[in-house]
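Colleague: Here's a structure for you.
The values are calculated or read from the model by the stated rules, or taken from the named source; none is laboratory data. Remember, it's a predicted structure, so these values are computed and weren't measured experimentally. Counting neighbours? That spans all protein chains shown, and the Cβs are built from the backbone with ideal geometry, glycine included. Keep in mind that these areas ignore ligands, DNA and RNA; they rest on the heavy atoms of the full protein, side chains included. Shrake-Rupley method; radii C 1.70, N 1.55, O 1.52, S 1.80 Å.
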Amino acid sequence: MEMDELAYSSRMVGWSPLGKLLLVMALLIVGLITESILVPLITFAIGLFLMAYSTNMKVPFILALAIIEAIAIMVLGSGMISIMGDASQPALWEGKILWFDIHMTVDSFNKAWLIFFRAIAGVTLMLSFASSTPIPHLAQALRSLRCPTEITELIVLIYRYAFLLLEKFLVMLDAAQCRLGYNGSMTAIKSYAGAMTGTFIFSMELADKSEAALACRNYDGVFPVFHPPKKISAKWVVASIGLAVALYLIGLETVGWIDMAKLFAPMFGWVL
């Protein structure tokens, strides 16, 4: 619900959904195929700017928590990559932690930072798209891409009725709390299990009622859109491809410009 409110209040909600998607995908692809750390840094800056412009940095708590968890996973994964260097190369740091053999090299350290910047750039870019594109706009965009009507309408149906199921689930949780349903870990597990079971049963009943209600309203399998989002224009295509090509050329010319091992060498006393 918070993401839905965030998308509809975004300053980018009026932009073409396909245009935004093309721009994000172009930046993600060029960040993945280049070996220069500078390009993921630039795409990260672009994603952060778009996200700030879209949300004015008013990020819901649950979304901020998800971002922090994603960054923690990136740090852990990049750290594992950095200590799994080629044993034939000179080690910056080697040893053993538990059952892991540590062999950090200059290449593995720089590779870990490259992967980290690629990942965090991808997160900011995708969040800038998700925080500015409501689900109905996305479904309409998929329909213009010749996506099967059954899939796009299923997306809209799930979107419309997910709020009812969420409301029912929260009501059951509140009812359990009023009856001391969280007094102890086992009791809490049983309360959550009961709420999820009740929500599932309610969803089946709601599906039957909704099918009859839609049939009474002459639903023919397509929800009409009275305010369709803007279509993609040639400007979006030219700008997205042009920016991707420019970043790719920058990546070719800047490979090796930023050496993270040299930057951190004075801090850790490494001899390169």
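Colleague: Any idea of the accessible area per residue across the chain, 1.4 Å probe, to the nearest Å²? Could the numbers behind the result be given before it?
Modeller: Numbers: 16840 Å² over 272 residues.
Roughly 62 Å² per residue, with all protein chains present.
Colleague: Let me ask something else about it. Apply the Karplus parameterisation 6.51 cos²θ - 1.76 cosθ + 1.60, with θ equal to phi minus 60°, to every residue of region 48-54 and state each ³J(HN,Hα) to the nearest whole Hz, in sequence, with x for glycine and proline.
Modeller: Those phi angles translate into 5, 5, 5, 5, 5, 5, 5 Hz.
Colleague: In addition: Considering amide H positions built from the backbone, and no H for Pro or chain starts, which residues 5 or more places from residue 93, or on another chain, come under 5 Å of its amide H?
Modeller: Amide H neighbours of residue 93, under 5 Å, 5+ apart: 104.
Colleague: Of all the stretches in the chain, which is the longest one without any exposed loop site, taking trypsin sites (Lys or Arg not before Pro) in a DSSP loop (any state but H, G, I, E, B) with at most 13 other Cβ atoms within 10 Å?
Modeller: Maximal segment without exposed cleavage sites: 59-145.
Colleague: Report the Cα centroid-to-centroid distance between region 117-160 and region 20-41 in angstrom, as an integer.
Modeller: For region 117-160 versus region 20-41, the Cα centre distance is 19 Å.
Colleague: Measure nothing but the geometry: give the 0 to 90° angle between the long axis through the Cα atoms of 149-178 and the longest principal axis through the Cα atoms of the chain, rounded to 10°.
Modeller: Once rounded, one gets 80 degrees.
Colleague: Let me ask you something else. Compute for region 138-272: radius of gyration divided by Kirkwood radius, i.e. Rg/Rh, restricted to C-alpha atoms, rounded to two decimals.
Modeller: Numbers: Rg = 26.7 Å, Rh = 21.1 Å.
Ratio of gyration radius to Kirkwood radius: 1.26.
Colleague: Next question. Find the relative contact order for the chain and round it to a whole percent, using C-alpha pairs within less than 8 Å whose residues are 6+ positions apart.
Modeller: 34
Colleague: For region 175-260, which whole-number percentage of the solvent-accessible area (1.4 Å probe, protein heavy atoms only) is attributable to carbon and sulfur atoms? Numbers along the way, then the final one.
Modeller: Details: 4350 of 6500 Å².
Roughly 67 percent of what the probe reaches on region 175-260 is carbon or sulfur.
Colleague: Karplus couplings for region 9-25 from phi (6.51 cos²θ - 1.76 cosθ + 1.60, θ = phi - 60°), rounded to Hz, Gly and Pro as x?
Modeller: So the Karplus estimates, Gly and Pro as x, are 8, 5, 6, 9, 5, x, 6, 5, x, 5, x, 5, 5, 5, 4, 5, 5 Hz.
Colleague: Something else now. Read phi for every residue in region 260-268 and hand back ³J(HN,Hα) as whole Hz from Karplus 6.51 cos²θ - 1.76 cosθ + 1.60, θ = phi - 60°, with x for Gly and Pro.
Modeller: 5, 5, 5, 5, 8, 4, x, 5, 9
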